[in-house]
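Written below as structure tokens is the structure these notes are about.
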Amino acid sequence: MGYEKQTPMLQTLFTILVIVQFLVVAVHDLVDIPGWTYGRQVRAAIGPFKTVVGTLINAIFPGLAAAFAIQYWHRPAPSYVLNYWVIYCGITMFGAITMWWIPYFRGTDEKTKELYTKMYAGTWQVLPAHGDNPRPNVLHLCFHALGLTSLTLAVALRFGLA
């Protein structure tokens, strides 16, 4: 049971979302899109080498999810692929919670606050401030919505819920 029982529309939507996830993870710290992201600030804060290495490492897991989605698009996916998608999307959401939502609501150390301030200065903010806690900018809010939607679809595909 799983992916092979799903509608082509659900398969297509999931495939598109994980490809988009891969692309945004692979480039968002490397480019400057005014208001959205400033890769130059990330490179200045953590260094160009760490930025590139971190981007390459972070792109492996969504890249594999996207490759599987393309490979098994409109074809039955084996259970290990379905499990991988759920685990990958779950870990992605766990990362978003620990990197953004816990610091936003509960705070974090001064070093992390300073780093986030340097990396994301000048990006659009829509959430209200909680003291001087870091808050996810609009781009990261979009990433989190993308991740949550992908997780929901991965679970639906895995357990044949749609």
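Miscellaneous remarks
- Restricting the calculation to alpha carbons of the chain gives Rg and Dmax of 17.1, 50 angstrom.
- Protection proxy ranking, highest mean first, for peptides 148-157, 104-113: 148-157, 104-113, where packing is the per-residue count of other beta-carbon atoms within 10 Å, averaged.
- Kyte-Doolittle mean at least 0.0, axial Cα span of 18 Å or more - DSSP H helices of the chain: 8-27, 48-71, 79-96, 138-159
- What a 1.4 Å probe finds exposed on the stretch 36-162 is 69% carbon and sulfur by accessible area, rounded to a whole percent.
- Share of Cα-Cα pairs in the stretch 1-95 lying beyond 19 Å, as whole percent: 48
- Evaluated with a Cβ-only charge set (Lys, Arg +1; Asp, Glu -1), the chain carries a dipole of roughly 100 debye about its Cα centre, given to the nearest 20.
- One decimal place: the segment LEU13-VAL52 gains 11.1 nm when fully extended, by the rule 0.36 nm per residue minus the C-alpha distance.
- Computed about the Cα centre, the dipole magnitude for the stretch 1-89 is approximately 80 debye when only Lys and Arg (+1) and Asp and Glu (-1) carry charge, each at its Cβ.
- Solvent exposure of the stretch 16-162 as accessible area per residue, Å², 1.4 Å probe: 55
- The share of alpha-carbon pairs in the stretch 33-80 lying farther apart than 15 Å comes to 62%.
- Shape metrics for the stretch 62-119, restricted to C-alpha atoms - Rg then Dmax, Å: 16.7, 49
- A cut-off under 14 angstrom between Cβ atoms defines the neighbours of ASN133, and their net charge, with Lys, Arg +1 and Asp, Glu -1, is 0.
- Nonlocal amide H pairs with THR37, under 5 Å, H built at 1.01 Å: none
The values are calculated or read from the model by the stated rules, or taken from the named source; none is laboratory data. Keep in mind that this is a model prediction, so the values were computed, not measured. Neighbour counts run over all protein chains shown; Cβ positions are idealised from the backbone, glycine included. Surface areas here come from the heavy atoms of the whole protein model, side chains and all, with no ligands, DNA or RNA. Shrake-Rupley method; radii C 1.70, N 1.55, O 1.52, S 1.80 Å.
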